[in-house]
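Structure first, then comments.
The values are calculated or read from the model by the stated rules, or taken from the named source; none is laboratory data. Being a predicted model, the structure only gives us computed values, none of them experimental. Positions of Cβ are backbone-derived with ideal geometry, glycine not excepted, and every protein chain shown enters the neighbour counts.
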Amino acid sequence: MNQNKTFLLYKGLKDMSIALSHKRALNTVSKPQEIDINLLLDQHHDRLYWMIRKIVLVHDDAQDVLQNTWMKIHKGLPSFKSNSSIDTWMFRIAYNECMRFLSQKKANLRLDEIDTDYIQTLTADDYFNANQTVTHFQAALATLPQNERHVFSLKYFDELTFKAMAVILDRNENSIKTLYYKAEKKIKTYLGKQIIV
């Protein structure tokens, strides 16, 4: 495991005296499995980071949210009921942590007002490195309302199914599909105008 990942996780867990080697037997539909938090960390760290990063935008904020997410995953692992896949469950925790972070950071603003500086925040970040095509694509994402942007990102970037997204976002699967296809149409229209110009 990457030493930096380990340090970030230990930083938040140190005072809680949580052993990362903790294992928990889970009853799944097919057969009991042994889930190791270290294995989850190795397999899902990057995916969760980028899912979080697309929502909170800034690298340092994403690291903080990711740390809180891993602490909640570790704490909740013994009570995981297998109603959904472990991946979907972890994405749900990450999404909820993102929403909690945004509400704390922007306590006095409505969520729609947060979106006005999406592209400026993203491109100002030292870790954002993109060519003009990617910048146009991100600008197209910036035109979307936050709920459409989140749905589109989960499907396009994270390759989640509509069913998994419905669980993560706690919404009806058909409304998720509607939001995705609306977002896709808006992005295509936006990018079509950029190419013509």
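A few comments on the model shown:
- Restricting attention to segment 92-112, the residues being modelled with pLDDT under 90 and assigned to a helix (DSSP H, G or I) number 6.
- The set of residues in segment 50-63 being touching a helix residue (DSSP H, G or I) at 6+ places or on another chain (Cβ under 8 Å), under 18 Å from ARG149 (Cβ atoms) and in a helix (DSSP H, G or I) consists of MET51, ILE52, ARG53, LYS54, ILE55, VAL56, ASP61, ALA62.
- Failed condition for TYR49, given (1) more than 18 Å from MET90 (Cα to Cα); (2) modelled with pLDDT of 75 or more; (3) hydroxyl-bearing (Ser, Thr, Tyr): (1)
- Selected residue (criterion: surrounded by the most Cβ atoms within 10 Å (Cβ to Cβ)) from residues of segment 64-91 that are in a loop (DSSP other than H, G, I, E, B) and of a type outside the set (A, V, I, L, M, F, W, C): SER84
- Scanning segment 138-197 for residues that are touching a residue at least 40 places away in the same chain (Cβ under 8 Å), surrounded by 17 or more Cβ atoms within 10 Å (Cβ to Cβ) and among the β-branched types (Val, Ile, Thr) gives VAL167, ILE168, ILE187.
- Residue count for segment 143-175, restricted to those that are over 16 Å from the mean Cα position of the chain (by Cα), farther than 17 Å from SER85 by Cα and part of a helix (DSSP H, G or I): 2
- Here ASP117 meets the list (1) surrounded by fewer than 16 Cβ atoms within 10 Å (Cβ to Cβ); (2) at pLDDT 90 or above; (3) of a type outside the set (S, T, N, Q) almost entirely, failing just condition (2).
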